[in-house]
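Participant: One structure is given below, represented as structure tokens, and several questions about it will come after.
The values are calculated or read from the model by the stated rules, or taken from the named source; none is laboratory data. Only a predicted model underlies this, so the values are computations on that prediction, with no experimental measurement involved. Backbone-built Cβ (ideal geometry, glycine too); neighbour counts: all protein chains shown. For accessibility, only protein heavy atoms count, side chains too; no ligands or nucleic acids. Shrake-Rupley method; radii C 1.70, N 1.55, O 1.52, S 1.80 Å.
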Amino acid sequence: MSTHLWSRLSSVKWEDAWVERLRFAGEQNLVIRKFPASRSIRLDLYTDSATAKKVKQAFGGAVRPFDSSKWTPPAPKKTTPLRIGSVLRIYGDEERFRKESPSTKAKSLFIPSGLAFGTGDHATTARCLQLLVEAAKPMDGKEWSLLDLGCGSGILALAGELLGARKILGCDFDERCVKASKENAVLNDLTRSRFVKADVLRWKPPASAGKPARYDIVAANLYSTILTAAASMINESIRPGGVLILSGILSVEETALKKTFSELRHQETLRRGKWSAMMFRKKNAGVE
């Protein structure tokens, strides 16, 4: 439960970096406020007392008690939908989603703006969606599966369901993210996606018929340090011939991540600013 508010000012040029730094504290609870004609932003993190104290010790700023029962969230901004080619649209504005989605040929997903990370606006999420659309194209008409590690708002898992995945599992360390992902599934009337609370550093893919589950596509939007530590589990989660999509990576970390996942074949890297998203493919069994 959010009982405290941590706040501080920063330069707008560090916005992406703050989003990544504060993901551990619960992605659904960070609000970044921008000011007209200003190069400054204000970071507001709604969280518990212990986390607020931890963040203040690490990054400075101020902490005060927060009574969520007396707080009314700001009205969502009217936003333009994120377009991933002609295939997928991500809406943050419900009114526009309800009005436009029935008439568009693109598959449409509504992820509420406001107290939520992972609406598709951030570079790491947007590039993941691009690679997911690309990886899903060859599977059109086939049954395929998706594992979303660090699901946040559930956007990648739910987009995967829209794109045709039949078996979808999303995992996140923060139970608030899991809750938000489930709520977003209901908002979009998507029923195949499952979400569970799990620490990827300890978690193992659920077994089926005595064998660990394997997925056609594994997406992991996580810190590079976590990706490195969990590399063995991530590799095991991909079926032979399957695809791995990594994001949350700084461009300077690309080379190290390629070495970490050297058992896989690197296929593509998408960059935006200082962030990168990478796609790999696992070799088919018996193929060198």
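Participant: Can you give me the distance in nm between label points at Ala37 and Leu9, each placed 7 Å from the Cα along the Cα-to-Cβ direction?
Facilitator: Placing both labels 7 Å along Cα→Cβ, they lie 1.6 nm apart.
Participant: So what is the accessible area of the chain per residue, in Å², with the probe set to 1.4 Å?
Facilitator: For the chain, the per-residue accessible area is 50 Å².
Participant: Tell me the label-point distance for the pair Glu175, Lys211, using the 7 Å Cα-to-Cβ offset, in nm and rounded to one decimal.
Facilitator: 3.5 nm
Participant: Could I ask something else about it? Run the accessible area of the chain with a 1.4 Å probe and give the carbon-and-sulfur part as a rounded percent.
Facilitator: C and S fraction of accessible area: 52 percent.
Participant: Oh, and also: Can you compute the modelled spin-label distance between Arg96 and Trp203, with each label point 7 Å from Cα toward Cβ, in nm?
Facilitator: 3.1 nm
Participant: Here's another thing I want to ask about it. Take every DSSP beta bridge whose two residues both sit in the chain, then give the antiparallel share in percent to the nearest 5.
Facilitator: Counting only bridges with both partners in the chain, antiparallel ones make up about 60 percent.
Participant: Here's a follow-up. So which aspartates and glutamates pass the test for Lys274, namely a Cα distance under 14 Å, with those fewer than 8 places away in the same chain ruled out?
Facilitator: Of all the aspartates and glutamates, those that pass the test against Lys274 - Cα under 14 Å, at least 8 places apart if same chain - are Glu15, Asp16, Glu20, Glu253, Glu254.
Participant: In cubic angstrom, how much convex hull volume per residue do the alpha carbon atoms of the stretch 192-277 span?
Facilitator: Dividing the Cα hull volume of the stretch 192-277 by its residues yields 117 Å³.
Participant: Which entries of Lys259/Lys283; Lys137/Lys211; Lys137/Lys197; Lys137/Lys282 have Cα-Cα distances beyond 19 Å here? Could you put the intermediate results ahead of the total?
Facilitator: On the way: Lys259/Lys283 16 Å; Lys137/Lys211 28 Å; Lys137/Lys197 29 Å; Lys137/Lys282 17 Å.
As for pairs spanning more than 19 Å Cα to Cα, those are Lys137/Lys211; Lys137/Lys197.
Participant: Please list, in order along the stretch 40-56, the HN-Hα scalar couplings obtained from phi with the Karplus expression 6.51 cos²θ - 1.76 cosθ + 1.60 (θ = phi - 60°), rounded to whole Hz, x for Gly and Pro.
Facilitator: 10, 10, 10, 9, 10, 10, 8, 7, 8, 4, 5, 5, 4, 5, 4, 5, 4
Participant: Nearest 20 debye, what's the magnitude of the dipole of the chain about its Cα centre given +1 on Lys and Arg Cβ and -1 on Asp and Glu Cβ? Show your work: numbers first, answer last.
Facilitator: On the way: 47 positive and 30 negative charges, 62 e Å.
Dipole of the chain, to the nearest 20 debye: 300 debye.
Participant: Could you tell me which label, among (1) 17.5; (2) 28.8; (3) 16.2, carries the value of mean projected area of the Cα convex hull in nm² calculated for this structure?
Facilitator: Only one listed value fits the structure, namely (3).
Participant: Using the Cβ atoms and a cut-off under 12 Å, what net charge is assigned to the surroundings of Ala220, where Lys and Arg are +1 and Asp and Glu are -1? Spell out each step's value before the answer.
Facilitator: Details: positive: none; negative: Asp148, Asp172.
My count for the surroundings of Ala220 gives -2.
Participant: Projecting each Cα onto the charge dipole of the stretch 184-288 (Lys/Arg +1, Asp/Glu -1 at the beta carbon, about the Cα centre), which of Thr225, Ala256, Leu244 comes out farthest on the positive side?
Facilitator: Leu244
Participant: Further, regarding this structure: For the stretch 138-288, what is the largest minus smallest coordinate of the Cα atoms on each principal axis, given in angstrom and ordered from greatest to least?
Facilitator: On the principal axes, the stretch 138-288 reaches 39, 37, 30 Å in Cα extent.
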